[in-house]
Amino acid sequence: ATNYGWHLEQNIYDKKSITRSLKSTEGSGNKPKVIIKDFIRRLTPVECERLQGFPDNWTRYGDFDGEIKEISDTQRYKQCGNAVTVDVVREVFSKLYPQTK
């Protein structure tokens, strides 16, 4: 299936062509990847942060017992993957509770 020039794997769509979820390409571990015109490229941690609505490099540094250290890309991918997208939650709640804007 093609979606705005991005070639996605056929099995991520249901019978109505609705995307259920994006998945990594086979054998890629937990690293998210995209296929653009037969070219596979891993998303960067910054791109993952942007998809979640975070500022650039939001997950780059952490406080380890008072010492600020850089966080590995693997852990940054995990943080982004486990995050809840604030814009999506806000939209869902605005539909459920329209009076609380």
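The values are calculated or read from the model by the stated rules, or taken from the named source; none is laboratory data. Computed from a predicted model, the values in this text were never measured in an experiment. Reconstructed Cβ throughout: ideal geometry from the backbone, glycine too, with neighbour counts over all protein chains shown. For accessibility, only protein heavy atoms count, side chains too; no ligands or nucleic acids. Shrake-Rupley method; radii C 1.70, N 1.55, O 1.52, S 1.80 Å.
Quick notes
- Taking a sphere under 15 Å around the Cβ of ILE71 and counting the other residues whose Cβ falls inside, with K and R at +1 and D and E at -1, yields a net charge of -3.
- For the range 54-101, the carbon plus sulfur part of the accessible surface works out to 53%, probe radius 1.4 Å.
- Tensor-based shape of the range 33-96 (alpha-carbon gyration tensor, a/c under 1.5 rounded, otherwise prolate or oblate): oblate
- Ranking of THR44, THR59 by solvent-accessible surface, largest first: THR44, THR59 (1.4 Å probe, protein heavy atoms only, all chains present).
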